[in-house]
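Read through the structure below, which is laid out as structure tokens, and then see the notes.
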Amino acid sequence: MSENCIFCKIIAGEIPSKKVYEDDVCVAFNDISPQAPTHILVIPREHFASLDEAETKHKETLGHLLLSAAEIARQSGFAKNGYRVVINTNDDGGQTVFHLHVHLLGGRQFIFPPG
Ligand code: 5GP
Ligand code: ZN
């Protein structure tokens, strides 16, 4: 747990969230400011700030986050229609919370490239 990290506090239950999935590696919960009909954040229990800070030791965790997002999309019923996963990284990437997280967005059509 990293002090003053919002997502570590969500994992610890110190900040409330609407959890949709959790296991020993990750926790997934609804984004507080949804950008699509479904907008879920999938985060590792282990705190590391961003993809830029990911190391070889995080390889399994990163794979686990993606596979969990895919499973949540299937369980939520929009996998066949499609969805988007996003990992905003550092300032130019638009990252605002520095605990690595995967955005899982579904339920509408997305354009590419994103803004
Ligand atoms: P980023 O901009 O870092 O890629 O994404 C951070 C996301 O966290 C944003 O989409 C924002 O709405 C979400 N967020 C920030 N604070 C909270 C919170 O306290 N609870 C939840 N559920 N989401 C949050
Ligand atoms: Zn954290």
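Only one of GLU46, GLU53 is within 12 Å of ligand 2 (Cβ to nearest atom), out of contact with any Cys (no Cβ under 6 Å at 6 or more places or on another chain) and in contact (Cβ under 8 Å) with a residue 40 or more places away in the chain. Can you tell me which? Of the residues listed, the single one that is within 12 Å of ligand 2 (Cβ to nearest atom), out of contact with any Cys (no Cβ under 6 Å at 6 or more places or on another chain) and in contact (Cβ under 8 Å) with a residue 40 or more places away in the chain is GLU53. Scanning the stretch 3-30 for residues that are touching a residue at least 12 places away in the same chain (Cβ under 8 Å), within 16 Å of ligand 2 (Cβ to nearest atom) and either part of a helix (DSSP H, G or I) or in contact with a strand residue (DSSP E or B) (Cβ under 8 Å, 6 or more places away or on another chain) (or both) returns ILE6, PHE7, CYS8, ILE10, ILE11, SER17, VAL25, CYS26, VAL27, ALA28, PHE29.
In the list ALA49, ALA73, ALA28, ALA69, which residue meets the criterion of being closer than 11 Å to LEU104 by Cβ, within 11 Å of ligand 1 (Cβ to nearest atom), of a type in the set (Gly, Ala, Ser) and surrounded by 14 or more Cβ atoms within 10 Å (Cβ to Cβ)? Answer to the selection: ALA28.
Evaluated against (1) hydrophobic (A, V, I, L, M, F, W, C); (2) within 14 Å of ligand 2 (Cβ to nearest atom); (3) not in a helix (DSSP H, G or I), ALA36 falls short on exactly one condition, (2).
Each value in this text was obtained by applying a stated rule to the coordinates, not by laboratory testing. What you see is a predicted model, and the numbers here were worked out from it, not measured in a lab. Glycine gets a Cβ as well: all are built from the backbone with ideal geometry, and neighbour counts include every protein chain shown.
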